[in-house]
Amino acid sequence: MSQTSTSLLDEVAKWSQETCRQELKSVLPKLTSLHHESDSLDDHIRILKIITDMFLPHIGLSDLEDECFSKILPKAVEMFKGMIKELVDQVGGLSSQNTEICAFLRNILQAMMQIIDALSTCVRHVGSFEEAPGLYGIRSLPACILQVLRETFQHCKDSEVVYSGRLSLVADLLQGLFKEAYSLQKSLLELLDRISLDKSSSEEEVLNIVSVIHSLLDICSVISNLDIALNANTWKFLVKQSLKYQSLVEEHLHHGDISSKLCDNLLASFHHCLDLAEQIKSTDLQESNERPEYKLFQKTAKMCRFFANTLVHYIKEFKFFLTKCCSNFHMLYLQIINKFPPSLDASSLPVALAGELNAAALVPMDAFLLQLLPLRSFAEVVLQQDMRLSPEHELPHCLLLVSIMGHLACQPEEVMQLWYTGSEFKEETPRLPLYQAIFMSFRQCYTERKAPVLLPGLMLKGQAQVKVSLHRHICEQLCASVAVLPHEYFSVLERCLVDNILQPDTQTVLLATDVWSFTARYGTAELCLQHVLLIAQLVKLCPSECYQLFHLGLLLKRMVFLMTPTHQTELVAHFPPSEVENHTVWRHILLRALSQDTRHRVEAEIIHLAQKVVADWQNGHKLGQVEKVNAVLSSLLTVVQGRELSPSEERGTPAAVRIVSQLWLRMSPDQLQTHAVLQCTLQLLLSTTAMLASNIEPQVICQALQCLDAMVSQKCGDQLLLAALEFLSSLGKIFFPTDSQSQILPRLSGLFAVLLADKSWLLHQHALEAFSCFAESTNHEEVISQSLCEERTKTKVVNYLSKIPSSQGDAESCLQRLKQEKIVIEQHRNKLEKTDTVSNEVAAEDKAVTDSEPCPKRARQENSSEEMYSRYIQTAESALKALQAHVEDKADGAEPPPPWLESRLQELQTLIGCIISGRHTT
C-alpha cells in the first residue's frame, strides 16, 4: 500500500462519526477502491473494519448495494477463501515447537473472525431500518455471507482431518470461529425473514431468493453431521422460504436435490438413533434416563421426526415437481421399514426406546405414503413388473403394497384406477395391478414365511390383537379390501386370482385360494356357482398330473362347501359321476361338503361305475384301461375318506371293500415293477385300503404287503412311499389271526425298518409319524421291536416319541439355511413355469405310449441267471400284451393293421419255437 493510502487510513481512523457522515460521499469511494486493490491481509481487514464500523452507519438503505456491498463484499469473500487455503497449505508445519507457524495460523483464524464480525455489522445495519429491505437492494449481502458461512462450516467440519493431532493448538479459535459463523447465520436468516416478495416482484428478485434457498441447501449438506440445532434451523428456514414464495419459486427450485437431501438427513438421523439404541439397550432404562447416550438418543429421535415431517410437508406442497424422485422415496420407505419388526433385520429394543423410534420414523411413513399415492410415477416404480430387490427389502416392499391397498378405499376414483388396474395401453410405462403385485411380492418372502415373522392381527369382538403369520395378515387385509372393492375392478381381481392359482408356489396358491373363497362367500350364490363350474371345467381339461391340477383341485374342494344344495345338484348335472371322464373332477371334492341327498347320489354313482370299470378290466386284461381304473379308484378314495369322518354311515362300504380286494388280488409285483401306470394304481389302492383296513381280509393285506415289499426294494416315487406309510400306519388297528401272522408281521416290520432308515427328511418324518401311530394302537408288539433292530433308528424313534427336537443350530444359522433354501426353491419354480407348457404337450402326445410301453428299469451291477431270464420274459410279455391291446382297440375302427404285422408275428413265433427247442437240446 502506498504512503498516501496509509496516511488516508491513519487520518480517517481518527475521525468522529459526524466527520465520517460529512465526508462519506468523498471518502467512501476511495476506501472501497483501496479495499479492492489491497493484497495485504492486514490492510484488507483494516479497510473493511473502517468501512463497516465508521461509514456504513451513515449509508441509506437505498444506497447500500451500489455504494458499499457490491464493492467490498466480493473482495471479502475472495480474501476469506484465500485464508482457508493458506491454513490448509501451512498446517503441515504446525506444532507446539514451531511457534512461528502456530502464531501465523492463529493470526489467520483471528482475521477470519474479524471478517465474519464485519459481515455481522452489515447485517445489523440493514436490520436497523424500520422498513423491510428489498432483496434486490441488498443482493450481494446474503450471497457473499452464505459463501463465507459454507467455507467456515466446511473448515470446522474437516478440522479433525486438517489439523490431525495438532487440533488442540487452534481449538479455541476454531470454536470461536464457529460461534461467530453460527451467530452470523442466525442474524442473516432473521433479516431475510423480514423480506417479502409478491407477484409484482421482478425476475431478478425471484432468482435471488432461489439462489439463497439453494445456497442454504448447500450449507445443509455441510452441517448435517456438525450441529443438530444449526441443521434443524437451517432446514426450517429453507422450507419456510420455499413455501412462502411457492408460486414464485416452484418452477426454479431444485426439488430433486432438496428432497434427496431431506431423505439423506432422515436416514442419517434414523440410523444414528438405531446405533444409540443398540448402545443403551443392555442398560436398565430407568438407570439410563440420565445418561448422555439416552439424552442424545432423544435429541436424535426428535431430529428424525423433524426430517420425516418436513419431507412429508415438502412432498405435499411440491409433489408434482417430484415425479423423478419416486425411486428414492420408494427406497427410503423400504430402508426404514426394514429396521422395524417384523423384519428379520430389526433389532430387539426396550419398549421405551422402540416407542420413541416408532414415533420418530415409523408413524410419519404412513403420512409419507398418503402423499405419494396420487403420483403415477410412484405407482410405476412400486408396481414395476421386473422388480429386483435385495432380500432384506422384499418383506418391506410387500408390507408397502399391503399398506397402499389399505388406503385406497378412501382415495378418489382416479387414484384407485391408477393402482387397481395396472397399465392398460402400450404407450404407458408397464405396471402391474396392485393385487397381482401383492401376490408376487408375497411369493418372494419365502424366508419370512418359513421363519416365520409375526404381524398384528385384526381386533375381533373387542379382544386384544394377537400376532399372526404373514400369510394370515395379508389374507385379512386382502379380504378387507375385497369387501369394499368397487364392482368395476372385480374383473381385475378375478384375473389376478386365476393367475396365482396356476403358478407353482403352493403357499401363494393357498393365499389366492383363501381370497377366492372369501370372494365367493361375500358375493352371491350364483357367482359362487359360476366360479365352481369354471374351476371344475379347468380341472377336467388339465392334461396331466401337473401342479396346476393340484392347485385347481384344492380351490374346487374349498368352493363346493360354499354352494347351496340346489347349486350342488347343478354341479352333479354338469359333471355326472357316472361318466369316467368326470372323475378327474370328483376326486378333488370332499363329499361331506355336499348335502345329504346329493352326497348319497354321488357315492352310489361312483361305486357303481367303479364296479363296472374294474370288472371290465379284469375280463379284458387290457393295460390301456388302467387309466380308467385309476380314475374311478381316485373317486372311490374320496368316498371312503368321507366315510372315515362319518363312521356311522356304512352304506356302500362292503362294495368298496370288494372292489379294493379284487384289485389287490390282481396286483402282481412283477407287473408293478414294469409298468409305471400300475404304480399309480398301487398308490391309490394303498390310500384307499388305509381307510378300509379294518374290513379287509388278511390274505388281501398279505398280498398288499407283498406288492409293497417288491416296490420299496426298488427306486419308486415319494408319493407312493407316503401312501405306503399311510397304509402301514392303519394296520395298527388290526389284530391278525394266528395263521396269517407269519406271513404279515415279518413283512410289516421289514417295511417299517427300511422306511425309518430312509435318508429323505420328508419320508423319514412321515415314517416316524406312521410308526408312532402304529405303535400306539397295535397288539403285535413284536413288530415294534423287530422294526428297531438298528440302534440309530431306535434312537431316532425314541427321541421322536419323547419329543426331543433334533439339533438345528442357532437362530442365525437357521436363518442362513432358509435364505439358501429360497434360492434353490425359486430356481425350481422358475424352471416349472418355463417348462410346464411343453411338458404337458409332450405328455398329451405320448399318453398312449406311456400306458402301453414298459417303464425303463435301473441298470443292475450284478444279475443272477434267473433274474436275467425273468426280466427278458417280463419285457417280452409286456410288449406282446400292449400290442394285443392296441390291435383290439383298433378292431372296431376303420384303420386296418399294417400288412407286414402277420409275417412279423409268425417270425416271432418261429423264434419262440427255436428258444424252446434250444432249451430242450441244452
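For the reader, a short list of remarks on this structure follows.
- Scanning region 729-758 for residues that are of a type in the set (A, V, I, L, M, F, W, C) and over 12 Å from HIS780 (Cβ atoms) turns up LEU751, ALA753, VAL754, LEU755, LEU756, ALA757.
- Residues of region 134-186 classified as among the β-branched types (Val, Ile, Thr) and within 26 Å of SER62 (Cβ to Cβ), total: 3
- Residue, nearest to PHE490 (Cα to Cα), within region 434-471, restricted to residues that are of a type in the set (Val, Ile, Thr) and not in a loop (DSSP other than H, G, I, E, B): ILE438
- Consider region 456-473 and keep the residues that are in contact (Cβ under 8 Å) with a residue 12 or more places away in the chain and surrounded by fewer than 20 Cβ atoms within 10 Å (Cβ to Cβ). The one that is nearest to ASN500 (Cα to Cα) is HIS471.
- Lone unmet requirement of (1) among the small types (Gly, Ala, Ser); (2) touching a Gly at 6+ places or on another chain (Cβ under 9 Å); (3) not in a helix (DSSP H, G or I) for SER200: (2)
- When restricted to residues that are within 57 Å of the chain's Cα centre (by Cα) and β-branched (Val, Ile, Thr), region 75-107 contains 4.
Results for (1) part of a loop (DSSP other than H, G, I, E, B); (2) surrounded by 13 or more Cβ atoms within 10 Å (Cβ to Cβ); (3) of a type in the set (A, V, I, L, M), shown as yes or no for each residue.
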{"site": "LEU728", "(1), (2), (3)": "no, yes, yes"}
{"site": "LEU731", "(1), (2), (3)": "no, yes, yes"}
{"site": "SER749", "(1), (2), (3)": "no, yes, no"}
{"site": "VAL797", "(1), (2), (3)": "no, yes, yes"}
{"site": "PRO805", "(1), (2), (3)": "yes, no, no"}
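- Tabulated pairs, region 474-489, first more than 19 Å from LEU418 (Cα to Cα), second of a type in the set (D, E, K, R), C-beta under 7 angstrom, 6+ apart or interchain: CYS475/ASP514
- From the options ASP758, ASP670, residue that is in a helix (DSSP H, G or I), among the acidic types (Asp, Glu), at pLDDT below 90 and surrounded by fewer than 22 Cβ atoms within 10 Å (Cβ to Cβ): ASP670
- MET416 out of contact with any Gly (no Cβ under 9 Å at 6 or more places or on another chain), surrounded by fewer than 21 Cβ atoms within 10 Å (Cβ to Cβ) and part of a loop (DSSP other than H, G, I, E, B): no
- Residue in region 379-398 that is closer than 21 Å to ASN309 by Cα, crowded, with 17+ Cβ neighbours inside 10 Å and in contact with a helix residue (DSSP H, G or I) (Cβ under 9 Å, 6 or more places away or on another chain) present: yes
- Of the numbered criteria (1) hydrophobic (A, V, I, L, M, F, W, C); (2) assigned to a helix (DSSP H, G or I); (3) surrounded by fewer than 17 Cβ atoms within 10 Å (Cβ to Cβ), the one PHE735 fails is (2).
- When ARG431 is tested against (1) in a helix (DSSP H, G or I); (2) closer than 22 Å to VAL498 by Cβ, exactly one condition is not met: (1).
- Scope region 504-550; condition under 22 Å from TYR435 (Cβ atoms), part of a loop (DSSP other than H, G, I, E, B) and more than 29 Å from the chain's Cα centre (by Cα); matching residues: GLY523, THR524
- Cβ-Cβ distances below 7 Å connect the following pairs, each with a first residue in region 264-284 that is among the hydrophobic types (A, V, I, L, M, F, W, C), a second residue that is surrounded by fewer than 19 Cβ atoms within 10 Å (Cβ to Cβ) and assigned to a helix (DSSP H, G or I), and a separation of six or more residues or different chains: LEU267/GLN335; LEU276/GLU293; LEU276/LEU296; ILE280/GLU293.
- Flag if ALA103 is aliphatic (A, V, I, L, M), at pLDDT below 90 and surrounded by fewer than 13 Cβ atoms within 10 Å (Cβ to Cβ): no
- Lone unmet requirement of (1) hydroxyl-bearing (Ser, Thr, Tyr); (2) at pLDDT below 95; (3) assigned to a helix (DSSP H, G or I); (4) over 23 Å from MET691 (Cβ atoms) for THR584: (4)
- Within region 609-624, if we keep just the residues that are of a type outside the set (Phe, Trp, Tyr), buried (at least 19 other Cβ atoms within 10 Å of the Cβ) and modelled with pLDDT of 80 or more, the residue that is farthest from ALA676 (Cα to Cα) turns out to be LEU609.
- Qualifying residue in region 556-569 (condition: within 41 Å of the chain's Cα centre (by Cα), surrounded by fewer than 22 Cβ atoms within 10 Å (Cβ to Cβ) and within 23 Å of THR689 (Cα to Cα)): yes
- So GLN246, is it more than 27 Å from the chain's Cα centre (by Cα), more than 26 Å from LEU815 (Cα to Cα) and of a type outside the set (Asp, Glu): yes
- Taken over region 229-241, residues that are over 37 Å from the mean Cα position of the chain (by Cα) and surrounded by 15 or more Cβ atoms within 10 Å (Cβ to Cβ) amount to 5.
- Checking the stated criteria, GLU627 turns out to be under 30 Å from GLN503 (Cβ atoms), at pLDDT below 95 and acidic (Asp, Glu).
- Checked against the criterion of being surrounded by 19 or more Cβ atoms within 10 Å (Cβ to Cβ) and either under 25 Å from GLU18 (Cα atoms) or among the basic types (Lys, Arg) (or both), the candidates LEU87, LEU56, LEU94 yield just one match: LEU56.
- Among the residues of region 214-228, those that are surrounded by fewer than 19 Cβ atoms within 10 Å (Cβ to Cβ) and either at pLDDT 95 or above or in a helix (DSSP H, G or I) (or both) comprise HIS214, SER215, ASP218, SER221, ILE228.
The values are calculated or read from the model by the stated rules, or taken from the named source; none is laboratory data. Predicted, not measured: the structure shown is a model, and the values here were computed from it. Cβ: placed from backbone, ideal geometry, glycine included. Neighbour counts: every protein chain shown.
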